[in-house]
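What follows draws every value from the coordinates through simple rules; no lab data is involved. The model shown is predicted, which means the values in this text are computed figures rather than measured ones. Cβ: placed from backbone, ideal geometry, glycine included. Neighbour counts: every protein chain shown.
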Amino acid sequence: MKKKEDNKIILVGIGILALLLIVLLSLKIKYREPDYTELTPEEFDLAIESEIDDIEVKKLSSMKEDERIKSYASRFMDSVDNEDYEGAYEMLYEDFKTNYFPTLESFEKYAKENFPAVMSLEYTNMERNGNIYVLWLKIYDYMRPGAEANEVNLVIRENELNNFEISFSAN
């Protein structure tokens with residue numbers, strides 16, 4: 001009788017060790033460093049872009065809703081502020097671009113005429129309707145202290161984390 005119990009204990013122990021080994025191997029595979037040495041330059045760029053997107057999604061998923069939406073708005077406004085008009089233009093809602101800025105050049109001209117070269121932002125209100133957020137903000141010209149703020153409403157549609165579109169109206 002004792003021998004059967006000893007065999008059961010040994011089998012259970014072997015089973016637990018095998019399960020532990022499987023879990024450890026799967027974690028090692030899951031968290032191993034990617035090997036980029038065999039990739040073409042285009043594949044490498046896509047792989048790096050995917051890694052960055054994964055990191056950004058993890059960061060966004062830990063944020064509160066208002067922080068996440070403000071981060072999208074800041075990303076857009078930072079692009080304008082840094083004269084990355086192409087990056088900002090890509091964030092715009094497609095119908096909004098079609099109706100108001102059919103070309104990158106038309107958006108760039110508008111941005112240069114209507115946004116200060118160096119700006120600071122103040123978020124004053126936010127409302128949500130489903131996956132659509134309206135964010136009220138004041139844009140101050142950092143180079144002209146005391147100048148009146150430009151009030152802007154950003155409309156942000158969040159399709160999923162780190163996948164959003166923006167349109168806006170200036171008062």
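Couple of notes before you dig in:
- Along the chain, the exposed loop sites are chymotrypsin sites (Phe, Trp or Tyr not before Pro) outside DSSP states H, G, I, E and B with at most 11 other Cβ atoms within 10 Å, and the longest stretch free of them is 37-171.
- Taking the longest Cα principal axis of the chain as reference, the axis of helix 65-81 is set at about 50 degrees.
- Using a simple spin-label model with pseudo-atoms 7 Å out from Cα toward Cβ, residue 142 and residue 127 lie 3.1 nm apart.
- Structure-derived mean projected area of the Cα convex hull in nm² - corresponding label in [x] 13.3; [y] 15.6; [z] 17.4: [z]
- Close lysine pairs were tallied over the stretch 65-170: pairs 8 or more places apart or on different chains with Cα atoms under 20 Å apart number 4.
- Take the Cβ atoms of residue 151 and residue 105, set R0 to 25 Å, and the FRET efficiency comes out at 0.45.
- Principal-axis analysis of the Cα atoms of the chain puts helix 104-114 at an angle of about 60° to the longest axis.
- Principal-axis tilt of helix 41-61 within the chain, Cα atoms, nearest 10 degrees: 90 degrees
- Considering only alpha-carbon pairs that sit under 8 angstrom and 6 or more positions apart, the relative contact order computed for the stretch 62-171 is 21 percent.
- Computed extension length for residue 26-residue 90: 19.2 nm, one decimal, from 0.36 nm per residue of separation with the Cα-Cα distance subtracted.
- For the options 23, 134, 118, a Gaussian network treatment of the chain with springs between C-alpha atoms closer than 10 Å singles out 23 as fluctuating the most.
- Hz values of 3J(HN,Hα) by residue in the stretch 9-20 - Karplus curve (6.51, -1.76, 1.60), Gly and Pro given as x: 5, 5, 5, 5, x, 5, x, 5, 4, 5, 4, 4
- Helical mean residue ellipticity (222 nm; -39500 (n - 2.57) per DSSP H run of 4+; nearest 500) of the chain: -17500 deg cm²/dmol
- Each of 77, 63 was scored by other Cβ atoms within 10 Å of its Cβ. Arranged with the fewest first, they read 63, 77.
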